[in-house]
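In what follows, a single structure is set out as structure tokens and then discussed.
Nothing in this text is a laboratory measurement; each read-out follows from the coordinates by a stated rule. None of these values were measured; they are calculated from a predicted model. Backbone-built Cβ (ideal geometry, glycine too); neighbour counts: all protein chains shown.
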Amino acid sequence: MKGNTKAITLNMIANILSFGVSLVISFFLTPYITKTVGVEAYGLVGLANSFTNYITIITAAINSMASRFIIIELHRKDTKKANIYFSSVLIANVVIAIVVVAVAIPLVYNIQMLNISDNLLFDARVTFAVIIASFLINLVGAFYGIVLYAKNMIWKGALRTLESNVIRVLLIVVFFSLLTEKRIYYVSIATAVAGVYCIAFNVYYTRQYTPELKPYRACFSLSAIKELISAGVWNSITRLSQILLDGLDLMLSNVFINGVMTGNVSIGKTLPSLYTSVVALLSDSFYPSFLEYYSKGDRDKLLHSIKNAINVLSSISGVCLSLLFVYSKVFYTLWVPGTDADLLRNITLLSAGTVFISGCIYCLYSIFSITNKIRNNSIALLVTGVLSIFTTFLFLKFTDAGVYAIVGVSSAYGILRNLTFTPIYAAKCLEINKFTFYPVILKNVLNCALLCAMNYIISIIIMPDTWLQLIFCGFVGLVLGSASTVLVVLGKNETIEIIEKVFKSRRR
């Protein structure tokens, strides 16, 4: 338990540091890129990335559960079986990559079928081609990163991600500074190079820490692939559902409105997406411990670790999102001057609705895969995804809601599902009282409401209109919000327990 506490602490610190660097980079890089190439061109990157998300519907069936099976066999010291899963997945991913290339070539060639200005068609083709190629390289190579979960060393991967982000931004600045023509595909090229950097380290870590894991063609097993697909097919449905809920926002904006609005949606969803990323990273910090306790059948430690994770994520959700809710318009006015700050603020707030609730319960999603009970969650996601798309089309056809319908409807369905189904089903998977997680959710909602009110009062007293004032208000809100969170969400005893664990892990 003590070793896991130290690992979790290291994982969280590294992930927060990595996210902080990513946030700083996005803070300076996004306005730099939009100013250099324009809002519509900037939207191409997000649009291309959304296409790779569609591919994950297929790949999730094999890859989503593979890490679970491999890590469990490693914990059980069954190297032979772990290698069968490992080799089978890698070979299957290579085959999938070849098929995707065959499909992607005509897609890239006929890119004009999308709502893209004629002067950006070449940029769009190159951007899509590079991003899809980068995705396929990561599909084959990034799976080596499983060693970081198996050995509970996620912090190493977080630090490599930090370094890759620095490499990415340096390449972008060099490209835009030294090359005469300013092209948006410079961004995708830099991202691809940064991705290869991380993969190289993952391969190195696998050879160093799990030399017993080696891809052998002789270890390929169709029965292993069938087992993984049987367990993971519902994750493919989950991925499809997530895309139906919020992954089509850029596409719908492009088709039903225009390319400029696509760029605005891409900018407006930047902060909620970044926040979702950091919550996912922090949740990942706990996942190796969850999996280890489950593998060893220690349900008491598993439940205790899950509750700790919920409390940590809930605390971060309230403090961060309350600042976003209150100061988003001021932020966009200063960050990307010349754009419609009101529009960006509204898009951000609508997108952040689901993020607020899911931030509190994000770690509960891992329960479904750990217990291998993902079917019902996938069905719930699919139902809300289909309803979201249907409702969005109705709004687009019969109202003038436009982009607000595209972003807001999916958020509303996400909030509804996360407040009703997710906590109850997670408790059922763990065979505990179905209302176990609701006190944490209600405390988090109350805490965030109090923090929003507090930050709103601060904004009335000092209405920020410069970066210095905004930073000052944010700092005050952060300090007061942290103090309030300790009282409302964590409580005195749990706060003392967490602090003691952190300091004990540092002394070791």
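Here are some notes:
- Neighbourhood net charge (15 Å Cβ-Cβ; Lys/Arg +1, Asp/Glu -1) for ASN138: +2
- Cα gyration tensor category, rounded, prolate or oblate, for the stretch 260-359 with a/c compared to 1.5: prolate
- Simple label model, 7 Å out from Cα along Cβ direction - LEU159 to TYR197, nm: 1.5 nm
- Length added when fully stretched, ARG375-PHE122, from 0.36 nm per residue minus Cα-Cα: 86.9 nm
- Shape category assigned to the stretch 130-198 from the gyration tensor of Cα positions, a/c cut at 1.5: oblate
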